[in-house]
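Notes follow the structure.
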Amino acid sequence: MAQVSIVSCPSYDPAVCRQALLDALEPIGGLDFVREGMKVGIKANLVSFMKPEAGATTHPVLLSELTKLLKERGAASVVIGDSPGGLYAAAYVKNVYRATGMHETEAAGAVLNMDFTQKEAENPAGAVAKRFTYTGWLDGCDAIVDFCKLKSHGMMAMSAAAKNMFGVIPGTMKPEYHYKYPNAADFARMIVDLDEYFKPVLSVVDGVVGMDGNGPTMGDAKPMGLLAASRSPHMADLVCAELIGLGRRDVPTLEAAYERKLIPASWQELDVAGDVDSFRVRDFNNIGTKNDVVFFGEMLFGEGINPFKKAFGKIMQKALSSRPGPNRDECVGCAKCAEICPAKAITMRDKLPRIDRGKCIRCFCCQEFCPKGAMKVTRPVIARILNK
Ligand code: SF4
Ligand code: SF4
């Protein structure tokens with residue numbers, strides 16, 4: 001049995017999507033986890049009020065076709081849900097369902113989650129998230145499917161299967177988690193803790209049309225024509241990162257998964273069904289993250305942790321890391337970024353956000369939730385030169 005599969009899926013035509021799902025699932029064991037009468041929860045990526053064609057959210061046609069396949073295999077019910085950024089309450093989430101086209105999935109037999117209870121988890125096995133609050137609807141599911149989107153991401157470099165499970169944290173609490181885990185490595189460890197706690201039985205990556213550039217919400221829709229699937233979110237991500245030109249060390253969630261021995265050092269050590277080379281997206285526009293610092297540090301001090309590198313890393317972090325910055329021409333002065341900033345690093349002056357770099361923890365929430373896409377991820381000139 002393959003560990004990851006990649007197949008072509010050139011459009012969101014229902015018949016094309018159904019066949020692509022069947023082709024992607026077959027090499028990794030199909031839907032053999034489904035038992036008669038089971039309730040399956042699909043954790044989609046419904047990050048915000050985005051239309052499906054924007055490329056930010058899991059496409060409703062794929063969700064509909066997977067729902068049909070699960071029901072044909074014997075699932076009694078299929079529930080689709082997510083906690084978008086913002087209020088985790090019926091009125092708010094209903095609007096997200098409407099915008100993202102989720103009502104289409106009801107015709108296929110899916111139920112849209114309307115249970116907005118919040119629960120507390122004790123997680124002694126976690127690396128950093130020993131306790132956390134989560135969306136209770138997942139407790140009622142016998143199996144969880146992680147159906148994500150392949151996107152660029154300001155803080156995590158890539159948003160795919162592992163990052164999608166951050167949506168189990170209720171929307172209004174997400175900034176708090178950014179503040180609690182301010183550096184990318186710990187934030188990624190927290191996400192891997194969530195993945196390990198909820199253990200999705202299947203991860204499917206919607207890369208038919210993903211997002212690059214100013215992702216994960218305000219980037220450009222990126223047609224890639226592919227679907228990936230795996231029993232492991234981290235293995236799926238290791239291959240997807242390769243497809244968009246990133247390595248394991250560029251993506252903090254992959255590094256965190258590698259630390260936990262959940263993935264091998266490189267995708268070549270995985271059994272992949274599908275020709276990786278033919279699916280490479282050579283012009284994918286990635287936005288840089290901590291890899292600039294890691295790369296320069298390793299150039300000077302070699303791989304692994306040593307005291308010089310640690311000290312150097314702290315000094316250079318500020319000088320080389322990507323950072324958010326408003327585009328004056330696109331900013332409308334709505335102050336949403338200042339409201340959402342977990343570090344209270346943004347103040348509005350003359351209707352323009354000013355970022356206190358000393359307070360900024362580079363969580364990129366301001367970039368993710370700016371309604372105009374005016375908050376950009378910028379890379380210092382020196383980082384761009386060194387990275388070349
Ligand atoms: S959220 Fe966006 S548009 Fe609104 S003030 Fe901030 S940068 Fe400007
Ligand atoms: S300014 Fe933006 S990136 Fe910095 S802490 Fe605030 S929300 Fe996060």
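The values are calculated or read from the model by the stated rules, or taken from the named source; none is laboratory data. As the structure is a computational prediction, the values presented were derived from the model and not from experiment. Cβ placement follows ideal geometry from the backbone for every residue including glycine, while neighbour counts extend to all protein chains displayed.
Quick one: in the stretch 350-364, of everything that is surrounded by 23 or more Cβ atoms within 10 Å (Cβ to Cβ) and of a type outside the set (F, W, Y), which residue is nearest to the chain's Cα centre (by Cα)?
Within the stretch 350-364, the subset surrounded by 23 or more Cβ atoms within 10 Å (Cβ to Cβ) is 353, 362-364.
Subset that is of a type outside the set (F, W, Y): 353, 362-363.
Values: P353: 26, R362: 16, C363: 14 Å.
Filtering first and then ranking leaves C363.
Does L243 fit the bill of being touching a Lys or Arg at 6+ places or on another chain (Cβ under 6 Å), within 30 Å of G207 (Cα to Cα), at pLDDT 95 or above and away from ligand 1 (no atom under 16 Å from the Cβ)? First the steps, then the outcome.
Values: touching a Lys or Arg at 6+ places or on another chain (Cβ under 6 Å): yes; within 30 Å of G207 (Cα to Cα): yes; at pLDDT 95 or above: yes; away from ligand 1 (no atom under 16 Å from the Cβ): yes.
In short, yes.
For the stretch 180-198, check the following and say yes or no: at least one residue is closer than 26 Å to S64 by Cα, buried (at least 21 other Cβ atoms within 10 Å of the Cβ) and in the same structural domain as T67 (by TED's automatic domain parsing).
The answer is yes, given that some residue of the stretch 180-198 is closer than 26 Å to S64 by Cα, buried (at least 21 other Cβ atoms within 10 Å of the Cβ) and in the same structural domain as T67 (by TED's automatic domain parsing).
Is it the case that the stretch 320-340 has a residue that's at pLDDT below 80 and away from ligand 2 (no atom under 12 Å from the Cβ)?
yes
For a quick check of your reading of the model, give me the residue pairs whose first member lies in the stretch 349-370 and is touching a residue at least 60 places away in the same chain (Cβ under 8 Å), whose second is assigned to a loop (DSSP other than H, G, I, E, B) and near ligand 1 (Cβ under 10 Å from one of its atoms), with beta-carbon atoms closer than 7 Å and at least 6 apart or on different chains.
C365/C341; C370/M218
Being small (G, A, S) and either under 21 Å from the mean Cα position of the chain (by Cα) or closer than 29 Å to G126 by Cα (or both) is the filter here, so list the residues in the stretch 255-289 that pass it.
Of everything in the stretch 255-289, those that are small (G, A, S) and either under 21 Å from the mean Cα position of the chain (by Cα) or closer than 29 Å to G126 by Cα (or both) turn out to be A256, A257, A265, S266, G288.
Within the stretch 263-271, is there a residue that is within 18 Å of N286 (Cβ to Cβ) and crowded, with 22+ Cβ neighbours inside 10 Å?
yes
Taking the stretch 89-100 as the region of interest, how many residues are over 11 Å from S48 (Cβ atoms) and surrounded by fewer than 20 Cβ atoms within 10 Å (Cβ to Cβ)?
Number satisfying all stated conditions: 5.
Which members of the stretch 20-33 meet the condition of being in contact with a strand residue (DSSP E or B) (Cβ under 7 Å, 6 or more places away or on another chain) and either part of a loop (DSSP other than H, G, I, E, B) or small (G, A, S) (or both)?
A20, A24, F33
I'd like to check which strands (runs of 3 or more DSSP E) are fully inside the stretch 86-167 and have at least 3 residues that are away from ligand 1 (no atom under 16 Å from the Cβ) and on the phi < 0 side of the Ramachandran plot.
Details: elements: 110-112, 118-122, 131-135, 143-153, 157-159.
In the stretch 86-167, the matching strands (runs of 3 or more DSSP E) lie at 110-112, 118-122, 131-135, 143-153.
Mind counting the residues in the stretch 224-255 that are assigned to a loop (DSSP other than H, G, I, E, B) and in contact (Cβ under 8 Å) with a residue 60 or more places away in the chain? Outline the logic, then answer.
Within the stretch 224-255, the subset assigned to a loop (DSSP other than H, G, I, E, B) is 231-232, 244-247, 251.
Now narrow it down to the ones that are in contact (Cβ under 8 Å) with a residue 60 or more places away in the chain: 231-232, 244, 246, 251.
Residues that pass the stated criteria total 5.
Report whether or not E176 is of a type outside the set (G, A, S), touching a Lys or Arg at 6+ places or on another chain (Cβ under 7 Å) and surrounded by fewer than 24 Cβ atoms within 10 Å (Cβ to Cβ).
On the way: of a type outside the set (G, A, S): yes; touching a Lys or Arg at 6+ places or on another chain (Cβ under 7 Å): no; surrounded by fewer than 24 Cβ atoms within 10 Å (Cβ to Cβ): yes.
Taking the combined requirement at face value, the residue does not satisfy it.
If I ask for residues that are surrounded by fewer than 24 Cβ atoms within 10 Å (Cβ to Cβ), at pLDDT 95 or above and in contact with a helix residue (DSSP H, G or I) (Cβ under 9 Å, 6 or more places away or on another chain), which ones from the stretch 211-223 would you list?
A221
How about the stretch 332-379: which strands (runs of 3 or more DSSP E) wholly inside it have at least 2 residues that are farther than 24 Å from A54 by Cα and within 12 Å of ligand 1 (Cβ to nearest atom)?
On the way: elements: 346-349, 352-355, 375-378.
Here the list reads 346-349, 352-355.
Between residues in the stretch 83-95 that are assigned by TED's automatic domain parsing to the domain that holds F49 and residues that are of a type in the set (D, E, K, R), which pairs lie under 7 Å by C-beta distance while being six or more apart or on different chains?
Short answer, once both residue conditions are applied: G85/K174; G85/E368.
Restrict the check to the stretch 22-44 and report whether at least one residue is within 24 Å of G373 (Cα to Cα) and modelled with pLDDT under 95. Before the answer, list the steps.
First, the residues of the stretch 22-44 that are within 24 Å of G373 (Cα to Cα): 44.
The next check asks that each one be modelled with pLDDT under 95; those that pass are none.
No, there is no match, as no residue in the stretch 22-44 is within 24 Å of G373 (Cα to Cα) and modelled with pLDDT under 95.
Does A383 qualify as being at pLDDT 90 or above, surrounded by 14 or more Cβ atoms within 10 Å (Cβ to Cβ) and among the aliphatic types (A, V, I, L, M)? Quick ask: steps written out before the conclusion?
Details: at pLDDT 90 or above: no; surrounded by 14 or more Cβ atoms within 10 Å (Cβ to Cβ): yes; among the aliphatic types (A, V, I, L, M): yes.
When the stated conditions are applied, A383 does not pass them.
Please go through (1) under 29 Å from I263 (Cα atoms); (2) modelled with pLDDT of 95 or more; (3) buried (at least 21 other Cβ atoms within 10 Å of the Cβ) for A75 and return the number of the only condition it doesn't satisfy.
(1)
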